[in-house]
Amino acid sequence: MSLTLSRMKYGPPLAGAFCRSKILYSTTSPSSWTKVVSEAEKIVGYPTSFMSLRCLLSDELSNIALHVRKLVGTKHPLISTARGFVYDSRNNLQLRGLVVLLMSKAAGSSKTADPPLEGDLISGIYPSQRNLAEITELIHMAFLVHRGIVNIMELTSSHGALKDMQFGNKMAVLSGDFLLANASTGLAQLQNTKVVELVSSAIGDLVQGVYYENSRTDEEKVTDDILMTNWEEQIFLSHGALLAKSCQGAMQLAKHDAEVQEKAFQYGKHMSLAYKLNSDVQPFVAETSCDTMPFSLNSAPVILHQEALGRNTWINQLNQLHRIIKAGKGVSSSLDLCHYHGNQALEALRCFPTSEARSTLENIVYAATKF
């Protein structure tokens with residue numbers, strides 16, 4: 001499964017403009033993520049904050065929560081991460097598990113499975129597929145918690161008391177490891193070696209993606225010559241692999257053939273890339289966008305701007321970066337690329353029968369590519 005894309009594959013500006021109009025003018029495009037998620041939760045049978053009750057109510061996590069409360073009032077990022085679990089305005093914490101369930105329901109039961117799959121469908125979804133959706137969310141949460149670990153060596157007095165940061169790091173490691181251990185246990189209980197292999201490889205991809213994100217110094221991140229193909233490979237590892245391989249795993253659990261599994265993988269991959277591109281472009285296209293709004297130097301508009309402008313000119317423009325990128329080709333190219341991945345995700349859904357679940361998966365793409 002190739003992770004790289006050349007410019008020829010998503011086309012020149014005219015092709016990108018066609019892709020954009022195809023999505024933005026869809027009559028089924030919902031107005032907000034909240035609406036999409038609300039509709040999707042009704043379809044799959046229950047609200048999808050997949051931090052399981054078994055995990056939440058366990059004695060181990062209760063003890064961790066008591067210790068984490070000691071960090072309230074400090075500046076450790078674990079607190080903001082924990083708040084995000086409770087409220088996230090873009091619903092991206094529960095998106096992965098929700099998509100896995102929608103994909104499971106859209107595909108339905110396999111007509112060619114031999115022997116037929118045992119077990120009752122609940123709202124059109126097998127219990128093992130619901131368990132996989134929960135496992136996917138636990139893995140995602142574990143990595144979010146682990147990302148909250150701060151580098152003690154780079155701290156200054158403005159970050160807060162050193163002992164608070166050290167204690168917060170211990171809690172982040174302990175909490176993330178606990179969530180990941182629960183996910184691993186649940187994965188083994190699925191008793192499907194192919195799915196275990198898929199999700200295990202996704203965890204490896206996440207680790208590799210995070211390593212790439214943190215392997216260069218700040219100075220290198222500013223001046224390094226990054227290509228868009230490198231960006232897509234890294235984003236797939238750190239943001240797309242878990243969803244893509246979980247969607248594929250859900251098809252494997254229902255004993256669908258290799259073609260259906262591949263289409264599920266492609267939907268998860270391209271939807272993740274479109275979602276990340278949408279997020280990267282927001283500082284430049286949002287109504288509240290201004291020249292002082294923070295943005296990542298590794299975001300798609302910045303990288304595409306570098307490619308269009310040339311390396312030497314790019315380095316000379318760093319002091320006026322936001323305004324220049326906002327007015328340059330990087331933003332429009334990012335929009336085109338976002339819509340390309342959105343259309344690829346929609347194309348992957350064509351093999352599934354028409355249903356409410358399939359329509360909702362399409363609506364998720366529309367929402368992820370709406371600006």
Out of the residues in the stretch 84-110 that are among the aliphatic types (A, V, I, L, M) and at pLDDT below 85, state the one that is most open to solvent (accessible area, probe 1.4 Å).
VAL86
Could you look through the stretch 322-339, keep only residues that are of a type outside the set (D, E, K, R) and open to solvent by 20 Å² or more (accessible area, probe 1.4 Å), and pick out the one that is farthest from HIS305 (Cα to Cα)?
LEU335
A careful count of residues in the stretch 185-197 that are open to solvent by less than 60 Å² (accessible area, probe 1.4 Å) and under 18 Å from ALA142 (Cα atoms) gives 3
Can you find even one residue in the stretch 282-301 that is more than 30 Å from ALA40 (Cα to Cα), out of contact with any strand residue (DSSP E or B) (no Cβ under 8 Å at 6 or more places or on another chain) and part of a helix (DSSP H, G or I)?
yes
I'm checking my understanding of the structure. Among residues of the stretch 351-362 that are in a helix (DSSP H, G or I) and open to solvent by 20 Å² or more (accessible area, probe 1.4 Å), which one is nearest to TRP33 (Cα to Cα)?
GLU362
Being open to solvent by less than 10 Å² (accessible area, probe 1.4 Å) and either assigned to a helix (DSSP H, G or I) or farther than 23 Å from LEU95 by Cα (or both) is true for just one of ALA308, ALA348. Which residue is that?
ALA348
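With LYS263, LYS255 as the choices, which residue is under 24 Å from GLU137 (Cβ atoms), among the basic types (Lys, Arg), modelled with pLDDT of 80 or more and not in a helix (DSSP H, G or I)? Step through it out loud before you land on a result.
Details: LYS263 fails: not in a helix (DSSP H, G or I).
Of LYS263, LYS255, the one residue that is under 24 Å from GLU137 (Cβ atoms), among the basic types (Lys, Arg), modelled with pLDDT of 80 or more and not in a helix (DSSP H, G or I) is LYS255.
Sort through ILE139, ILE135 and tell me the only one that's part of a helix (DSSP H, G or I) and within 14 Å of the chain's Cα centre (by Cα).
Values: ILE135 fails: within 14 Å of the chain's Cα centre (by Cα).
After ruling out the rest, the residue left standing is ILE139.
So is ASN278 surrounded by fewer than 20 Cβ atoms within 10 Å (Cβ to Cβ) and in contact (Cβ under 8 Å) with a residue 12 or more places away in the chain or not?
Working: surrounded by fewer than 20 Cβ atoms within 10 Å (Cβ to Cβ): no; in contact (Cβ under 8 Å) with a residue 12 or more places away in the chain: yes.
No, not satisfied.
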Could you say whether any residue in the stretch 279-290 is closer than 21 Å to LYS370 by Cα, among the small types (Gly, Ala, Ser) and touching a His at 6+ places or on another chain (Cβ under 8 Å)?
no
Would you mention how many residues in the stretch 111-136 are touching a Lys or Arg at 6+ places or on another chain (Cβ under 6 Å) and either under 28 Å from GLN208 (Cα atoms) or modelled with pLDDT under 85 (or both)?
3
Can you tell me which of SER289, SER238, SER333, SER246 is modelled with pLDDT of 80 or more, over 28 Å from GLU137 (Cβ atoms) and small (Gly, Ala, Ser)?
SER333
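The values are calculated or read from the model by the stated rules, or taken from the named source; none is laboratory data. Everything quoted here is computed from the prediction, not taken from an experiment. Reconstructed Cβ throughout: ideal geometry from the backbone, glycine too, with neighbour counts over all protein chains shown. Remember, those area values only see protein heavy atoms, side chains included, never the ligands or the DNA or RNA. Shrake-Rupley method; radii C 1.70, N 1.55, O 1.52, S 1.80 Å.
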